[in-house]
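Below is one structure, written out as structure tokens; comments come after it.
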Amino acid sequence: MGHFISLMLILGMLGFINACADNADSRPNFIFKPAPSPGAALKFKDKVVTEGELYRGAESDIFEAEMKVYEIKMNKLNAFLMEKFMEADPKKKGLSNDEYLDKFIASSVIIAEKDVDKLIVERSIPKEHINDQMRERIKKFLAMEKKKEVLEKWLNEQTKKSPVEVYIAKPNWPVFDIPIEGAPYSGASDAKVTLVEYSDFQCPFCAKGSQIVAELKKKYGNKLKVVFKNFPLPFHKQAMPAALAGLCANEQGTDKFWKMHDKMFGDQSKLEIADLKATAKSIGLDTKKFDDCLDTSKYEAAITKDMEQGQIIEVKSTPTFFVNGRIINGAREVEFFSDLIDEQLAK
């Protein structure tokens, strides 16, 4: 794998150099032609290589790039429609778009001092950074976010009255086969939708991801099967012991795993061995059995296997999620997950 990554870096540099070179003879001799069949990418020594073969191992990167292009197109589409709907309103006459927005769409947007205080607490902004200038910047930020929210709602109302056909194709989500046998899970075993999470107990973004998963579990109940897979990152020194602790708790019951899971993500400052043992005791585990399991690193091979399998299916960071095999990188908003889950439930 390391040699392959090095080769990709070299080829990337070569592409950059070739793009800057004046001498066309230094470039690969490619003959660009229409594909002879759907899904064909190239022909090498009389053998047609498919896109699936060529792009294997880069599916999620390609999808992410395609989604960025799709989002740019959809943002342009939304802006176009907003302007057209505004122009169709006789009250718009003589007003700029911003003036119309403030007067007729976002007139109810008022940011109070308590809203500023709430964001300061949520973002853990240090007290020494708080002054009148900072509070004003926060107020403008909150106003912008609120205006965006009411504008989206307004556009939704307009398109209900005047439906719009859209011909911009959404990229196809790559689907991966996720091995989940033996992994801790919650929800119905035969649920129509399975959410697999590759996570690291010391990762702060994973703690946020665990909160999102908790919301999804509450929202969907037994319609959603949630599977946990360990992916402790090497630079998080407490991540492997915590992963071991989770599986040692799971040995005494899946419900015990989730209690341990919630405790470890709830306070990531308590992941030392002594802390893990204290947590195990607090949730009612057989402490001798747990301590023996943790002290002998009983499940280290299982965790290593999780990580190796994760790398094969393009897990590069934590948290990484899969909804029925469809990859989601990072702790995205609940609505993002819900859209995909609802789509899968509707099938």
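The values are calculated or read from the model by the stated rules, or taken from the named source; none is laboratory data. Since the model is a prediction, treat every value here as computed from it, not as a measurement. Note: areas computed on protein heavy atoms with side chains; ligands, DNA, RNA excluded. Shrake-Rupley method; radii C 1.70, N 1.55, O 1.52, S 1.80 Å.
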Evaluated at 25 °C with a viscosity of 0.890 mPa s, what Stokes-Einstein diffusion coefficient in µm²/s does segment 96-198 have when Rh comes from the Kirkwood expression over alpha-carbon pairs?
130 µm²/s
Need the C-alpha centroid separation for segment 195-271 versus segment 44-109, integer Å.
35 Å
Tell me, what is the Rg over Rh of segment 19-102, with Rh the Kirkwood radius over Cα pairs?
1.29
When the chain is treated as a Gaussian network with springs between alpha carbons less than 10 Å apart, the largest mean-square fluctuation among HIS261, HIS129, HIS236 is found at HIS129
Solvent-accessible area of ARG27, probe 1.4 Å, all protein chains present, reported in Å² to the nearest ten, please.
110 Å²
Normalised Cα Rg of the chain, dividing by 2.2 N^0.38 Å with N its residue count, works out at 1.26
Expressed as a whole percentage, what fraction of the accessible surface of the chain belongs to carbon and sulfur atoms when a 1.4 Å probe is rolled over the protein heavy atoms?
55 percent
May I ask you to rank LYS147, LYS33 by accessible area, largest first, using a 1.4 Å probe over the protein chains only?
LYS33, LYS147
Mind checking the log10 I(q)/I(0) for segment 137-291 at q = 0.09, 0.11, 0.13 Å⁻¹? Debye, one equal scatterer per Cα, no solvent, two decimals.
-0.45, -0.62, -0.77
Relative contact order of segment 169-240, defined on C-alpha pairs under 8 angstrom at six or more residues apart (%):
44 percent
Per residue accessible area of segment 171-307, 1.4 Å probe, in Å²:
49 Å²
Note down the accessible area of LEU271, probe 1.4 Å, to the nearest 10 Å².
0 Å²
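Once the piece of chain linking LEU345 and ASN156 is laid out straight, how much longer is it, given 0.36 nm per residue of separation minus the C-alpha distance between them?
On the way: separation 189, 0.36 × 189 = 68.04 nm, distance 2.33 nm.
That works out to 65.7 nm of additional length.
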Go ahead and set up a Gaussian network model of the chain, Cα springs under 10 Å, then flag whichever of TYR167, TYR185, TYR100 fluctuates most.
TYR167
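Please give the calculated 222 nm ellipticity per residue for the chain, where each DSSP H segment of at least 4 residues contributes -39500 (n - 2.57) and the sum is spread over every residue; nearest 500 deg cm²/dmol?
On the way: 13 runs with 183 residues, N = 347.
It lands at -17000 deg cm²/dmol.
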Quick one: which of LYS84/LYS347; LYS259/LYS316; LYS84/LYS192; LYS217/LYS316; LYS84/LYS223 span more than 29 angstrom between C-alpha atoms?
LYS84/LYS347; LYS84/LYS192; LYS84/LYS223
